Amino acid sequence: MRPLDLQGHVFAPVIRMPEGYEVYDFTGGYDPGRELASPYGVGRYDEKRRGVYTTELFAGLRDIHVGVDLAAPVGEAVHAFFDGTVHRFGNNPSAGDYGYTLITEHQLGGRPVWALHGHLSARSIEGRFEGQRVSRGEVIAWVGDRHENGGWNPHLHFQLSLVRPEVADLPGAVSDADREAALAIYPDPRLVLGPLY
């Protein structure tokens, strides 16, 4: 699959991160009792997260993260990174899943690219319809709370896809066996998010 050509494109921040946010390291697992330095933080792409994905959804095998997590307070605005349209939206309510999810479609470098926004609030999909236009920088969603986001601390899972999603879902974590293929299909979100870490 040929790489994205993003020359000349200008992208908006998906979440406006303040100075001093944390860059998380989940390679050693997740400590729910750890005191956070900031309510804002970044979880890394292509990170093997042993012991983080413990629900049935991941079958004990899928632990390589193929998106970028942007931690932010509940209700934080999520912005469209570029002009596009609503492709799919819905609720993935299983424990450990995305909860409310919005996928947008964009034309970048002469090809379609899809962006998944997961762990949203329920109001993020109210009034949405497929084909609805979104503009770069427009507020398109809000960070959800645990009761609506799959049971996670408040954050946005942001993931790019070069393959058209048929439903409002993408695998946010993959197995070792699927890693190489997944990284080709789901490129590093920092291509549009910028150098967050």
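FYI, it's all coordinate maths here, none of it is from the lab. The shown structure was predicted, so the numbers you read here are calculated from the model rather than taken from an experiment. Glycine gets a Cβ as well: all are built from the backbone with ideal geometry, and neighbour counts include every protein chain shown.
Model label sites at Asp169 and Glu22, defined 7 Å from Cα along the beta-carbon direction, differ in position by 3.0 nm. Only DSSP H runs of four or more residues enter the estimate; each adds -39500 (n - 2.57), and after division by the residues of the chain the mean residue ellipticity at 222 nm equals -1000 deg cm²/dmol. Considering all C-alpha pairs of the range 15-95, those separated by over 20 Å amount to 48%.
What the Cβ-Cβ distance of Val74 and Arg179 gives, at R0 = 45 Å and to the nearest 0.05, is a FRET efficiency of 0.90. Neighbour counts of C-beta atoms inside 10 Å place Glu19, Glu126 in the sequence Glu19, Glu126, starting with the fewest. Taken about its Cα centre, the chain carries a charge dipole of roughly 340 debye when the Cβ of each Lys and Arg holds +1 and the Cβ of each Asp and Glu holds -1.
Short to long, the 10 Å bins of the Cα pair-distance histogram for the range 85-197 hold 14, 45, 35, 5 percent of all pairs. A Förster radius of 25 Å combined with the Cβ-Cβ distance from Leu191 to Leu61 puts the calculated FRET efficiency at roughly 0.40. Remark: Ile185, Ile140, Ile64 ranked as Ile185, Ile64, Ile140, counting other beta-carbon atoms within 10 Å and listing the fewest first. On the basis of the beta-carbon distance and an R0 of 22 Å, Gln107 and Glu138 show a calculated FRET efficiency of 0.85. The base-10 log of I(q)/I(0) for the chain, evaluated at q = 0.12, 0.15 Å⁻¹, reads -0.54, -0.88 [Debye formula, identical scatterers on Cα atoms, solvent excluded]. Placing a pseudo-label 7 Å from each Cα along the Cα-to-Cβ vector at Leu36 and Ala12 gives an inter-label distance of 2.4 nm. By the count of neighbouring beta-carbon atoms within 10 Å, fewest first, Ser161, Ser38 end up ordered Ser38, Ser161. Take every DSSP beta bridge whose two residues both sit in the chain; close to 95 percent of them are antiparallel.
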